[in-house]
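Remarks on the structure that follows.
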There are 4 protein chains.
Amino acid sequence: MEQFEKLDKIKVDALDEILGKKFPVLDDGFVRVIDYMGSDESIVQAARVSYGKGTKKISEDRGLIRYLLRNRHTTPFEMCEIKLHVRVPMDTWRQWIRHRTANVNEYSTRYSLAIDSSQRTKIDEWRMQSKDNKQGSEGFFPIEIGSKLSEREEELQNFAREIYNERLNLGVAREQARKDLPLSTYTEAYWKIDLHNLLNFLALRMDNHAQFEIRSYANVIGNEIVSRWVPIAWQAFQDYRMNSMELSALDIEVLKLVIQNENNKAIEKAIELKMIKNDEGKIKLNREGKEFEEKISRLGLKAPWI
Amino acid sequence: MEQFEKLDKIKVDALDEILGKKFPVLDDGFVRVIDYMGSDESIVQAARVSYGKGTKKISEDRGLIRYLLRNRHTTPFEMCEIKLHVRVPMDTWRQWIRHRTANVNEYSTRYSLAIDSSQRTKIDEWRMQSKDNKQGSEGFFPIEIGSKLSEREEELQNFAREIYNERLNLGVAREQARKDLPLSTYTEAYWKIDLHNLLNFLALRMDNHAQFEIRSYANVIGNEIVSRWVPIAWQAFQDYRMNSMELSALDIEVLKLVIQNENNKAIEKAIELKMIKNDEGKIKLNREGKEFEEKISRLGLKAPWI
Amino acid sequence: MEQFEKLDKIKVDALDEILGKKFPVLDDGFVRVIDYMGSDESIVQAARVSYGKGTKKISEDRGLIRYLLRNRHTTPFEMCEIKLHVRVPMDTWRQWIRHRTANVNEYSTRYSLAIDSSQRTKIDEWRMQSKDNKQGSEGFFPIEIGSKLSEREEELQNFAREIYNERLNLGVAREQARKDLPLSTYTEAYWKIDLHNLLNFLALRMDNHAQFEIRSYANVIGNEIVSRWVPIAWQAFQDYRMNSMELSALDIEVLKLVIQNENNKAIEKAIELKMIKNDEGKIKLNREGKEFEEKISRLGLKAPWI
Amino acid sequence: MEQFEKLDKIKVDALDEILGKKFPVLDDGFVRVIDYMGSDESIVQAARVSYGKGTKKISEDRGLIRYLLRNRHTTPFEMCEIKLHVRVPMDTWRQWIRHRTANVNEYSTRYSLAIDSSQRTKIDEWRMQSKDNKQGSEGFFPIEIGSKLSEREEELQNFAREIYNERLNLGVAREQARKDLPLSTYTEAYWKIDLHNLLNFLALRMDNHAQFEIRSYANVIGNEIVSRWVPIAWQAFQDYRMNSMELSALDIEVLKLVIQNENNKAIEKAIELKMIKNDEGKIKLNREGKEFEEKISRLGLKAPWI
């Protein structure tokens, strides 16, 4: 074979060190890295294809990665790929799998016995329904109530397992025997995804509106795995995505007046734009008004109607 | 507005007649069409874009659709789209959702109360585990056993619902209260997919290896809906996909010898290709050997080792 | 057939009126709507599946659509689908087709003769290379130069067509004869996409960094077609996407100080965050510094270093 | 960090040896591997997730991979990923990029100068239009004609390059200057795809109906790269995909009669199924009839009407 400029497979030492390590999540779940392709360097390499060989470096690597992420130039991030082995309650997996851009091989309960483990809730982990947010929780139950809830949970899970075993012992087909297993039953899967789509997943699932369970997985994937794998991209993701803030055209109009100390005009504008309502002299906030308040508080400002 | 050749929205009368109609599936599920785009005619129209206006019709419409399907020219079939409203047990939905090429809006049990219905198994519907196929079922239990199984199923489903209600009454967050609902609980969704990907879904899920429950949905979608929507494509799908047969390079080699009545050579070849094994003078079939037998029986032939 | 609540196919009159109408783009291109599925109402309908029947309307339809778009709840927008017939120079099509989430049937120059039309540049349409932006243009050439350029363009396009015809007359295969056609040659395609992905396409291609040619198509699709099809979603898209502004974590830190009139501290912070550089007493802006200036000017503010 | 069963990154020595090596294609194109993830072993590993740890090996690895490919269990093949660097004429790239399931970073002629190379046709490489197949070629021109064609090709390519340079020298924006480059101009890209989708690409593009140019690339990718990377999957792909044969429901009906030596009945059946036509006593073949002839000739049989 003739001479050629041989490439070495790209490796990331900090990730190689934890290859196979199970990071525990919830009471009996985990996430571990099975394999990966690429690194921060691969993002740069892919971006530079666009600029051609003769072109001067348009900036240092770090600057380039940050530029790409800030401006949502997503294709270079797709050049990195990671494969995880996860163990997740089916209830959480139902949310997880809604992200369609990954490759998946899930444990089969048609072929094999269901995993003999269900997610248990500790007595101090029972969450109260949020009043404000119909799809959220808020605060925890006192452990007196929690211990009762956990006891009943155990009863149900045990009973469900009893029935499952009864069916199997009678010779019911596995694919049918499983039909009444609780959603809390653990499943396992290989889950492979590119970095761009993984960051999208993390942006949604590390968000504090995400349900606690899937957020726990997302936090581990982000903080323990992605941070080791592509540290520069990870920092950029914090700065330009997780901790960024979007101002709508409406926000901008009102904020401009607030900055100019034109509070009355700001209020009028907010009413006109339906962010707030003047309800017989009393200001009522719509969802957008509340979001506006939260946003400008990050700029050290107060809404003019406060 | 200047003059132009106005198009009419493509409509399919046979489908319009059943728009909104719930086709029942299982004990409490259904499928209904909400909306659709395109028809057999749209497939032809899209294919003809490729040939340009000046070109003679390369064949009648029917012939063209059949040609496209036979030769896996898939893009014209992607030009048709359908939107279904389905009600499905979560266990079945877990399989369904593995098809990533659809658009989905599912009923939220974070936001709303879980649907108060679980799939119940009638006393004559309990299936026995298949001996041959680890992920299949085979035959039904006698109703004496079935009635016991159905009774226990009811106990479990009632208990699970009791616990769910207990939690909600205490004020547990909906997103957490649902965690131990049985997989048999019904969910609903809008599911939108193009015809090419729908046919892929049906080819897999109408197959007799598919689990009974999802197969029941697939049969309704195929036989009741797609057959009305795109009757020509549907017939082509039967002829070239559902009832076609694939011969592997190995099958062809052995079959050729069988056709020539060279039975001994055929057996030797099958051994060489590892479709069968000569186990001390006794022929043992590998999976491929069995598949070969089934295939050639469709041609009116018997395997040479029978 | 038993009684059922029949649905009518969703229609949008304002769009039906222009079905088939060719909106001209560039010198010989066009866009026209062939078919569509869904409307503003379908977005609402899909979102409401999530909330269940028993739930109160969480807001008026308009408010709901705006809420969904503002918070990037994208799946309900995927429930709408549109099919366009476009005529585009191949050079532009090369960019267009990079959006992978659409269904496509393109005119085949293997099967048919290439379309006998190339995009011509008028004498006042020749653009100068931007100094600041390596991948942009800036300003126009005077028509004396432009007319020379257009003349040479015509020579080349004519010669290329001559060679193409020569080859065909000799009997060269169409698939090979086309190999040296200029990128300016028009092609046609059916292009089908859901509303969510179409809005992503428009956000990128109506942006003023997009190349003029594809931007011209995007503007027509957005302003002439989407605005008629889903007027409420279109307005929301303007307010929350096209005219919104993203502040990074870095922007927020500096902006906060600017609002507090802490100009010196703001400059220090900007240096620390590498948005600007203090080059021997002279402030030099990095790309991020420039972006920051543009952003806060929309709030009526000036950068502290100006 | 506590103890854990450390994994090693999966490596394939045979592929590592050629990492970076440019395999030449056409006159100035190439394909080279930049990076990859997974191996034959990864396919097995992913499939086994489905069967659970406790389950006996259902077969040897080789048998399992072959089983998966034969039965179109595609997800385990998605667990392998490869990243190529390719140099391709834009005309070929236009076909290539129609496969939407890959990640792509292409050389930008907005940002950089177009690659100074166009695909040249040698004097013995000019292909004649096929008579039978409107989108194919058949046979080569004699070199007397070929040399004339190549000469004219050179003239055109030189003229196009001259105009391109003229524009750049005048300061025309790169994004506009490129508009009349010939489709034969080379472009480069990073192209990343999973093994399942790569095999789909190869099945279509190594097929002898694929255009010569893209087939040349596909052959190199298949025979030089995939064969080294996943040798077991590659062999299975030959046996069960490239060299397999699909018999339609119609084919089966007629073939059955042919095997039974019922030639007259076979002809009647073929007429009934519209595979052939009896045109006043003379048999005329439709496309399906021709396909049938080709298929059964692989079984050593002749059509009954021959």
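We did not get these values from a lab; they are worked out from the coordinates using the rules stated. This one's a predicted model, so the numbers in the text were calculated from it and none came from an experiment. Note: ideal-geometry Cβ built from the backbone for every residue, glycine included; neighbour counts use all protein chains shown.
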What's the extension gain from residue A:212 to residue A:301 if we count 0.36 nm per residue and subtract their Cα-Cα distance? 29.0 nm
Relative contact order (%) - criterion: Cα under 8 Å, at least six apart; region: chain C: 20
What does the convex hull of the Cα atoms come to per residue for the protein assembly as shown, in Å³? 221
Which ³J(HN,Hα) values in Hz, rounded to whole numbers, follow from the phi angles of the range A:202-219 under the Karplus curve 6.51 cos²θ - 1.76 cosθ + 1.60, where θ = phi - 60° and Gly and Pro get x? 5, 4, 6, 9, 8, 4, 6, 8, 5, 5, 3, 5, 5, 4, 4, 5, 4, 4
What are the label-to-label distances in nm, one decimal and shortest first, from residue D:297 to the same spot in the other copies, with labels 7 Å along Cα to Cβ? 3.3, 7.2, 7.9
Loop-only check: which GluC sites (Glu not before Pro) in the range D:251-280 are DSSP coil with at most 10 other Cβ within 10 angstrom? D:280
P(r) over all Cα-Cα pairs of chain C, 10 Å bins from 0 to the longest distance, whole percent per bin, short to long, reads 5, 19, 22, 22, 18, 10, 3, 0, 0
Please turn the phi angles of the range C:119-131 into ³J(HN,Hα) values with the Karplus equation 6.51 cos²θ - 1.76 cosθ + 1.60 (θ = phi - 60°), one per residue in order, whole Hz, x for glycine and proline. 5, 9, 9, 6, 5, 9, 10, 7, 9, 8, 4, 5, 7
In chain B, with Lys and Arg counted as +1 and Asp and Glu as -1 at Cβ, which of these residues, B:111, B:248, B:20, has the Cα nearest the positive end of the dipole, that is, farthest along it? B:248
Sorted by chain and number, the residues with a modelled amide H under 5 Å from that of residue C:34, at a separation of 5 or more or across chains, are C:83, C:84, C:85
In the range D:180-215, which residues have a backbone nitrogen under 18 Å from the label point lying 7 Å from residue C:152's Cα in the Cα-to-Cβ direction? D:180-182
B:67, B:164, B:217 arranged by Cβ crowding within 10 Å, fewest neighbours leading: B:67, B:164, B:217
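What number comes out for the charge environment of residue C:147, summing +1 per Lys or Arg and -1 per Asp or Glu over other residues with Cβ under 12 Å away? Walk me through the numbers before you get to the answer.
Values: positive: C:122, C:148, C:152; negative: C:124, C:125, C:144, C:151, C:153, C:154.
That sum, taken over residues with Cβ under 12 Å, equals -3.
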Dividing the convex hull volume of the alpha carbon atoms of the range A:1-132 by its residue count, what do you get in Å³ per residue? 236
Who wins for biggest fluctuation among C:282, C:295, C:83 in a Gaussian network model of chain C, springs between alpha carbons below 10 Å? C:282
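Assign unit charges at the C-beta atoms only (+1 for Lys and Arg, -1 for Asp and Glu), then state the dipole size of the protein assembly as shown relative to its Cα centre in Debye, rounded to the nearest 20.
Numbers: 196 positive and 196 negative charges, 1 e Å.
Charge dipole of the protein assembly as shown: 0 debye, to the nearest 20.
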Give me the log10 of I(q) over I(0) for the range D:192-292 at q = 0.15 Å⁻¹, as the Debye formula computes it from C-alpha points; what are the numbers? -0.73
How far is the Cα center of the range A:1-47 from the Cα center of the range C:241-293, in Å? 35
How much net charge surrounds residue B:265 when only the other residues with a Cβ under 11 Å from the Cβ of residue B:265 are counted, with Lys and Arg +1 and Asp and Glu -1? -2
Place the label 7 angstrom along Cα→C-beta at residue A:13 and in each other copy, then list the distances from the first to the rest in nm, shortest first. 2.6, 7.2, 7.6
Treat each spin label as a single point 7 Å out from the Cα along the C-beta direction, and report the residue A:133 to residue B:224 distance in nm. 3.9
Can you work out the Karplus-derived ³J(HN,Hα) for every residue in the range D:74-84? Use 6.51 cos²θ - 1.76 cosθ + 1.60 with θ = phi - 60°, whole Hz, and x for glycine or proline. 8, 4, x, 6, 6, 6, 9, 9, 9, 10, 10
Once the label point is placed 7 Å from Cα along Cβ, list for residue A:133 the distances to the corresponding points in the other copies, in nm, shortest first. 3.7, 4.6, 5.9
Expected 222 nm ellipticity per residue - DSSP helices of 4 or more, -39500 (n - 2.57), all of the protein assembly as shown, to 500: -12000 deg cm²/dmol
Any idea what diffusion coefficient the range B:249-297 gets from Stokes-Einstein, in µm²/s, Kirkwood Rh on alpha carbon pairs, 10 °C, 1.306 mPa s? 150
Nearest the rotation axis from B to D, which residue of chain B has its beta carbon, and at what whole-angstrom distance? B:246, 3
Within-10-Å neighbourhood charge of residue A:203 [Cβ basis; K, R +1; D, E -1]: +2
Looks like the range A:127-180, by Cα gyration tensor root eigenvalues a ≥ b ≥ c and the a/c under 1.5 rounded cutoff (else prolate when a/b is bigger than b/c, oblate otherwise), is oblate
Dipole of chain A, Cα-centred, from +1 at each Lys and Arg C-beta and -1 at each Asp and Glu C-beta, to the nearest 20 debye? 720
